[in-house]
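Right, one structure below, let's go through it.
The values are calculated or read from the model by the stated rules, or taken from the named source; none is laboratory data. Just so it is clear, the model here is predicted, and its values are computed rather than measured. FYI the Cβ positions are ideal-geometry reconstructions off the backbone, even for glycines, and counts take in every protein chain you see. For accessibility, only protein heavy atoms count, side chains too; no ligands or nucleic acids. Shrake-Rupley method; radii C 1.70, N 1.55, O 1.52, S 1.80 Å.
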Amino acid sequence: MPIRQLSETMINQIAAGEVIERPASVVKELVENALDAGASRVEIVTAGGGLNLIRVTDDGSGIPERELALAIARHCTSKLTEDINDIRSLGFRGEALPSIGSVSRLSIRSRTAASDSAAEIGIEGGRVLPVRPAAANRGTTVEVRDLFFATPARLKFMKGERAESSATSDVVKRIAIAFPAVRFTLAGSDRSMLELPAADDSAAGSLRRVAQVMGADFPDNSIAIDATRDGVHLTGHVSIPSFTRANALQQYAYVNGRPVRDKLIAGAIRGAYADVLPRDRHAVTVLFLTLDPAIVDVNVHPAKADVRFRDPGLVRGLIVGAIRQALADAGVRAATTGAAGMMAAFRPGATSYGHGSPANGHRSYDAAYRASVFDPARSSQRPLDMGFEGADFEQRGLRENEQAAFDAGPLASADARAGQDEAAETLLGAVLGAARAQVHENYIVAQTRDSLIIVDQHAAHERLVYEALKNALHSRPVPSQMLLLPEIIDLPEEDAERLALHSETLARFGLGIERFGPGAVAVRETPSMLGETNVQQLVRDLADEIADNDTVDTLKERLDKIAATMACHGSVRSGRLLKAEEMNALLRQMEATPGSGTCNHGRPTYIELKLADIERLFGRR
Ligand code: ADP
Ligand code: MG
């Protein structure tokens, strides 16, 4: 067959193969266009999961009638000037509309502020229909019907209506986070509706939008991030370590306002939390990177979700550093979800000896419910003067021997008690308050001015030992052991070169590495803490990581892991009775130690129950 030029429609269909994977990709492109046009409202309607209909209406700048034909012509854009290194809009390739128009029936109706009437153009399977007058307000409505009718092979790959609708909803949420001042609505044929009212562009507005999308409990369980390094600015929110998910889907990242899925950012988040989360848990994060468009390449893939940073090490370092710092500054802080779960557990009727939960299971104490089911003989709210015989009390109250153990402490003697009371009074103002008792041989009960604190003493102590070990580890060179025979590792030349460049840092972590001719390195020393270790694997992992991120965090993380294991063995086991001073000392140490709000495995080390909530439990509020 002779070589010949493909038809315009065929070229557009080939492009569509990459850009328009499914209905959600159409929605993404159309919403991006609306936002590039400066819209303050974007309305999306779909039917049949988007395969029958997608309609996006905006109140943006509109397209002049004479440009309608250009809008659906390939490589025609109003966004890119002469400089591919200076992309400030979401779109720039000029191929979304022609691609969509080559595989569906597309119409664009638009009106600019300068014009007193609207005009419309259509394109069906690549065939352009003439421009004609239409009625519309200022802005643009793009309608896509029968998506993929012209490419049945692609149509066959669509999942069910529900799956396509949910992919669309994800796309809208993802992009909406970056544009808090814009109102978004999304309606599907199954009457599902997503409504995101306009907030504003301030930090508070941004957080409000994040809460609309990610859930109202996120702001309470997250920390603000704001850091700058070498002209790269990072803002956003990250979850505290006790607020996690089983997958990384709730990690949103934006580069200059563009939603991206980026391995480097995901890796940096994992690295930042390596210390405080178990491997199978994931933080919830929203991160916005703002940087000079010239030092990030967004022209990597037609879908524009991939980016390449000119200096990946800088970006990774900024993210890891900022998140770690924020976690440390937030200090001891437990998740409110833990306390909420506890509230539920305490609620009358929620326990095994109760009467079943109230049907409307909401939080506030329902007086009518109480009146209808209150049974003094069985209620957990039994008046105290009813006597304590009965097995129930064993499950709820202090056991006698626990109280005795506590009373045997220094607080028991009257003299000591007076002094202690004074000290305790000032301690009430501390974050973790004054220790009052130890129960079940592992839980310290403490009191602040407005809350009750319960500390898991084993978890807390383990964390403190770990932090101390890590500090020791990173404040001076890590002890190393000499290998009897140096280990020679063959590597691609670039990897060997990169490792050699980092040899000084590696030496600080106890790994003695040097070039060994072309395409090889020799390892002469390894960190003693690692013990018998697979040196080949370690070095290859390090080479990969340097190539990806320009850091040697792998080694650091491995050493931290060992510190964590050692800490676990070296810490106070539950079961040890502590004196009041010991308990208070532990609380003070926790307050002074960054990251002590969670144990090494990411569980909270303490929970806090507000007095107001306790009073609610007793129906006092
Ligand atoms: P790109 O967004 O990469 O420029 P598109 O094919 O998505 O390419 O759109 C082509 C052009 O049509 C845009 O550059 C813009 O000028 C115009 N356009 C598309 N959608 C809209 C809209 N909703 N409002 C105003 N102009 C639009
Ligand atoms: Mg576009």
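Summary table below
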item: Filtered residue count, region 66-97, keeping only those that are open to solvent by less than 50 Å² (accessible area, probe 1.4 Å), more than 12 Å from ligand 2 (Cβ to nearest atom) and polar (S, T, N, Q); result: 0
item: Those residues of region 576-600 which are at pLDDT below 80 and surrounded by fewer than 16 Cβ atoms within 10 Å (Cβ to Cβ), in sequence order; result: 576, 594
item: Only one of 268, 248, 272, 294 that is in contact (Cβ under 8 Å) with a residue 12 or more places away in the chain, closer than 20 Å to residue 557 by Cα and surrounded by fewer than 19 Cβ atoms within 10 Å (Cβ to Cβ); result: 248
item: Some residue of region 130-138 being touching a strand residue (DSSP E or B) at 6+ places or on another chain (Cβ under 7 Å), open to solvent by less than 20 Å² (accessible area, probe 1.4 Å), in the same structural domain as residue 73 (by TED's automatic domain parsing) and in a strand (DSSP E or B); result: no
item: Residue within region 216-230 that is of a type outside the set (Gly, Ala, Ser) and at positive phi present; result: yes
item: Residue 22 more than 16 Å from ligand 2 (Cβ to nearest atom) and touching a helix residue (DSSP H, G or I) at 6+ places or on another chain (Cβ under 8 Å); result: yes
item: Within region 25-37, tally of residues that are over 12 Å from residue 90 (Cβ atoms) and either near ligand 2 (Cβ under 8 Å from one of its atoms) or open to solvent by 10 Å² or more (accessible area, probe 1.4 Å) (or both); result: 1
item: Set 196, 207, 234, 249: member being aliphatic (A, V, I, L, M) and touching a Pro at 6+ places or on another chain (Cβ under 6 Å); result: 207
item: Residues that are within 25 Å of residue 58 (Cβ to Cβ) and at pLDDT below 90, drawn from region 162-187; result: 166
item: Among (1) open to solvent by 30 Å² or more (accessible area, probe 1.4 Å); (2) farther than 18 Å from residue 554 by Cβ; (3) part of a helix (DSSP H, G or I) - the single one residue 505 does not satisfy; result: (2)
item: Meets criteria (touching a Phe, Trp or Tyr at 6+ places or on another chain (Cβ under 8 Å), at pLDDT 95 or above and of a type in the set (Val, Ile, Thr)) for residue 44; result: yes
item: When residues of region 11-24 are limited to those that are in contact (Cβ under 8 Å) with a residue 24 or more places away in the chain and within 16 Å of residue 126 (Cα to Cα), the one most open to solvent (accessible area, probe 1.4 Å); result: 13
item: Matching entry among 63, 54 (being within 16 Å of ligand 2 (Cβ to nearest atom) and either under 31 Å from the mean Cα position of the chain (by Cα) or open to solvent by 70 Å² or more (accessible area, probe 1.4 Å) (or both)); result: 54
item: Matching residues in region 215-236 - criterion: being under 12 Å from residue 284 (Cα atoms) and either out of contact with any Asp or Glu (no Cβ under 9 Å at 6 or more places or on another chain) or among the basic types (Lys, Arg) (or both); result: 215, 217, 218, 219, 221, 222
item: Per-region count, region 60-101, residues touching a helix residue (DSSP H, G or I) at 6+ places or on another chain (Cβ under 8 Å), of a type in the set (S, T, N, Q) and more than 6 Å from ligand 1 (Cβ to nearest atom); result: 3
item: Residue check, residue 108 part of a strand (DSSP E or B), more than 14 Å from ligand 2 (Cβ to nearest atom) and either open to solvent by 50 Å² or more (accessible area, probe 1.4 Å) or of a type in the set (Val, Ile, Thr) (or both); result: no
item: Where residue 478 falls short, out of the listed (1) buried (at least 16 other Cβ atoms within 10 Å of the Cβ); (2) over 20 Å from residue 313 (Cβ atoms); (3) out of contact with any Lys or Arg (no Cβ under 9 Å at 6 or more places or on another chain); result: (3)
item: Unique match (being in contact with a helix residue (DSSP H, G or I) (Cβ under 6 Å, 6 or more places away or on another chain) and under 20 Å from residue 80 (Cα atoms)) among 312, 302; result: 302
item: All positions within region 44-59 that are away from ligand 1 (no atom under 12 Å from the Cβ) and either closer than 20 Å to residue 113 by Cα or among the polar types (S, T, N, Q) (or both); result: 46, 52
item: Flag if residue 232 is closer than 29 Å to residue 555 by Cβ, buried (at least 16 other Cβ atoms within 10 Å of the Cβ) and modelled with pLDDT of 95 or more; result: yes
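Residues are listed down the side, and each one gets a yes or a no for (1) of a type outside the set (A, V, I, L, M, F, W, C); (2) within 29 Å of residue 463 (Cα to Cα); (3) modelled with pLDDT of 85 or more:
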site: 207; (1), (2), (3): no, no, yes
site: 215; (1), (2), (3): yes, no, yes
site: 220; (1), (2), (3): yes, yes, yes
site: 248; (1), (2), (3): no, yes, yes
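Residue by residue, here is whether (1) part of a strand (DSSP E or B); (2) under 23 Å from residue 174 (Cβ atoms); (3) in contact with an Asp or Glu (Cβ under 6 Å, 6 or more places away or on another chain) holds:
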site: 18; (1), (2), (3): no, yes, no
site: 24; (1), (2), (3): no, yes, no
site: 44; (1), (2), (3): yes, yes, no
site: 79; (1), (2), (3): no, yes, no
site: 92; (1), (2), (3): no, yes, no
site: 113; (1), (2), (3): no, no, no
site: 120; (1), (2), (3): yes, no, no
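One line per residue, one yes/no per condition, for (1) surrounded by 17 or more Cβ atoms within 10 Å (Cβ to Cβ); (2) among the hydroxyl-bearing types (Ser, Thr, Tyr):
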position: 155; (1), (2): no, no
position: 161; (1), (2): yes, no
position: 164; (1), (2): yes, no
position: 168; (1), (2): yes, yes
position: 173; (1), (2): yes, no
position: 176; (1), (2): yes, no
position: 183; (1), (2): yes, no
position: 188; (1), (2): yes, no
